[in-house]
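Visitor: The structure follows.
FYI, it's all coordinate maths here, none of it is from the lab. Everything quoted here is computed from the prediction, not taken from an experiment. Here Cβ is always computed from backbone atoms with ideal geometry, including for glycine, and neighbour counts include all displayed protein chains.
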């Protein structure tokens, strides 16, 4: 089962369970049903996240290290590098703060060179903790931005992504897990990590839709830089056509 099918199936299971619980409660009586309906509406409104913007988002890149990349098995490594580098370039173009952390570089090596090249001038926080959110310097760096929407990506998906994304929820953040800019050592580990995050309340996203949501307007000054960073062939065609017709 591929990632998209797994996400669809797991979401359907969770939705089905919620629907079943609601249906059972509704059968207890019309008064209870009305109360449940109101409660569900209130809960939906409370849990409905506001949009990601360049003013409320912050990115946390966790453990994109040479040694860890050698173990990636759930996706093509070149594809993964493309996605994480593209996401980072797009966030920098949008002036969204990027926090970078590695773990035990003597064991797992430095950042992959493709990412290090993009992050010149951005300080890396090296730590020894497994969970990046257990490192005070990482948490302080995120909190210092004043943003509450945390976009997280890490190697591996079930540990370096899932652990801090879930832990940040407890500190009042809304966590967004970039699944296709993360990777794992087996497909099962990745699937269980994604399911665990979903059950905890982390929102799974993809590298391109995060950037486009923050961009918000194709007429924005950063639009061309963002689409160029995402490195999607059709976006280059679109901007080429725009340039052509603007002179027509």
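Visitor: If r is the Cβ-Cβ distance from residue 73 to residue 245 and R0 is 51 Å, what FRET efficiency results, to the nearest 0.05?
Guide: Working: r = 45 Å, r/R0 = 0.89.
With a Förster radius of 51 Å, E is 0.65.
Visitor: In addition: How far apart, in nm, are two points set 7 Å out from the Cα along the Cα-to-Cβ line at residue 171 and at residue 143?
Guide: According to this spin-label approximation, the distance is 0.6 nm.
Visitor: A further question follows. For the residue pair residue 56 and residue 123, what label-to-label distance in nm results when each label sits 7 Å from Cα along the Cα-to-beta-carbon direction?
Guide: With each label placed 7 Å out from Cα toward Cβ, I get 2.9 nm.
Visitor: Assuming R0 = 45 Å, what is the FRET efficiency of residue 134 and residue 231, from their Cβ-Cβ distance, to the nearest 0.05?
Guide: Efficiency for this residue pair is about 0.85.
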